[in-house]
Every structure is written in structure tokens, then in C-alpha cells.
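Down below is the structure, laid out as C-alpha cells.
Just so you know, all these numbers are worked out from the coordinates, no wet-lab data involved. Owing to the predicted nature of the structure, the values given are computational and were not obtained by experimental measurement. Because the Cβ atoms are built from the backbone with ideal geometry, glycine has one as well, and the counts that use them run over all protein chains shown.
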């Protein structure tokens, strides 16, 4: 039939199945221009080639079938523009969400690569500048739900203040470090960028710190502290304050539980020899 295409011919042009076109017909999205009553063959016009091209474009852009159906019935320019502008906004939102997902996945990859490296972490003594931090004190440091809620609250604070690179900070009290037991978190916070100030912000004081990276499951962190305390004792240092734990929001599943990379900083000073 001149200037008309059968279902199989149109499907071949767009490299899609005949069933897809039949489905679009049933859903009233792309109705054939002509149906032969004798044999039931569906025929599509030249203009419907462009209709199908646009339908496929919308589908690939994430439009639902209902949205495509709705749009195919819109005939006025103003309604067309409004509908498409709304979809552009939706696509922009999805792009932003995908970028966030991509960032999280890349951070997990980097974390996994570092955690799986065979290089043994070395204990170092470094000097840190004073840094701003916002803390939330834990009412019950043994309550896992409160800890999870606190991390979630801190994430929302970061989003509200447009803090993109989140570094969580937690502290362990000085008097429990030498005992190496009950190493519970006293408070959890976030490092604040230099340009951001918040009510109630505190400071991590400048000074000398002994530091070691913890690169395994969280429940093994006591062993990392043991290595740090042993080093401090053997090298003639004394602890001058609470330990500082700094880690990203990246948490990865491991064979024996969940883990991540946490840098542990313990403030110290050399013991003066008499």
C-alpha cells in the first residue's frame, strides 16, 4: 500500500519488535493509520514514522507510557511547551540524582581499593591546624538507632548548608583510651568548611597528633587503638585529650561485617625527661 508501512516494516526501520507496535496500539499511544478489515494488517502513514521516532525518544528519556500517551494527545503549542518544560525539569533532577549516585559509587570503589591494598598502614606523628566542627552529643552511646539517626541528621545539615564533601567526626574520651575498653563514642559531628559558620560550632585544637588509619570492619577498631596506645607508650608520648575519629560517609560490606576507612588522631606531647 503506497506511502503506508505494515507493522513488520515499521518495526524493522526502528529495530524494534512487532509486539512493541502492537502494544502501543493497544495502549492507544500509536494507533495505525489504517487497518485492513479482511486480514487485520495494520498500516502506518509516513507522518507516523516521526510520531514513533519521538515516542522512542521520550521513552529513552525516561517518560512513562502514560506520559507519552498524554503528550501524544496534546495539540496546542502552549500545552506542548509546558509539558516538555516540566519533563526537562524532571530530567535535570534525575541527572543530579545520578551524579550523586555516581559520586557515591566512585567513593566506594576508592574505599574498597584502599582497604584491599596490602600496604600496611604506618603510625605517624603529625601537626594539625585548628579546625571547625559541629557536634551532636549522644544521649546513649550504646543505642545503635540513636547513632544512625544522628548520622542522618548530620547529613541533612550538610545538604541544607551545601556541604558536598562530608567528613564525619567522632570522639572517644581520653580517660578510656589507656584502659582500651568501653571505647564508646561521646559525640558525632561534621568538619565544617572554612567559609561556613554554625551556631554551637566547636574546634579541634591545633597540635601534635599520633595518627593511624583503620581499614577494616568497625568492630575491630579496638585493635587499631591498641597499636596506637602501644606506639604512644614506646615512643615516650602522653595523651593530652580525647581521640578524634574522622571518616567519610562511605560504608562498605565486608566478609565479617561493615567497615570503612577511619583516621584516628590522638593528641599527644612528649614526656619531658627529668
Per residue, the convex hull enclosing the alpha carbons of the range 4-73 has a volume in Å³ of 81 Å³
Over all directions, the range 124-270 yields a Cα convex hull whose mean projected area in nm² is 8.9 nm²
Between residue 161 and residue 102, the two model label points (7 Å from Cα along the beta-carbon direction) sit apart by a distance in nm of 2.8 nm
So the FRET efficiency between residue 28 and residue 3, C-beta based with R0 = 25 Å and rounded to 0.05, is 0.60
Expressed in angstrom and ordered largest first, the alpha-carbon extents of the range 42-130 along the principal axes are 76, 36, 18
Tilt, helix 46-60 to longest principal axis of the chain (alpha-carbon atoms), in degrees rounded to tens, equals 10 degrees
Dividing the helical contributions, -39500 (n - 2.57) per DSSP H run of n ≥ 4, by the residues of the chain yields a 222 nm value, nearest 500 deg cm²/dmol, of -13500 deg cm²/dmol
For the range 79-119, the convex hull over Cα atoms projects on average to an area in nm² of 2.5 nm²
Expected sort for 213-226, 235-248, 99-112 on mean C-beta neighbours within 10 Å, highest first, is 235-248, 213-226, 99-112
Quick calc, residue 15 & residue 152: beta-carbon distance into FRET formula, R0 41 Å, rounding 0.05, result 0.35
Placing each pseudo-label 7 Å from Cα in the direction of the beta carbon, residue 184 and residue 83 end up separated by a distance in nanometres of 6.0 nm
Of 129, 199, 36, the most mobile residue in a GNM of the chain (C-alpha springs, cutoff 10 Å) is 36
Taking every alpha carbon pair in the chain and sorting the distances into 5 angstrom bins from 0 up to the bin holding the longest one, the percent per bin comes out as 1, 5, 9, 11, 11, 10, 8, 5, 5, 5, 6, 6, 6, 5, 4, 2, 1, 1, 0, 0, 0, 0, 0
For the residue 124, residue 93 Cβ pair and Förster radius 41 Å, calculated FRET efficiency rounded to 0.05 is 0.40
Stokes-Einstein, Kirkwood over Cα pairs, the range 116-205, 10 °C, 1.306 mPa s; D in µm²/s equals 106 µm²/s
In degrees rounded to 10, the 0-90 angle between helix 221-234 Cα long axis and the longest Cα principal axis of the chain is 30 degrees
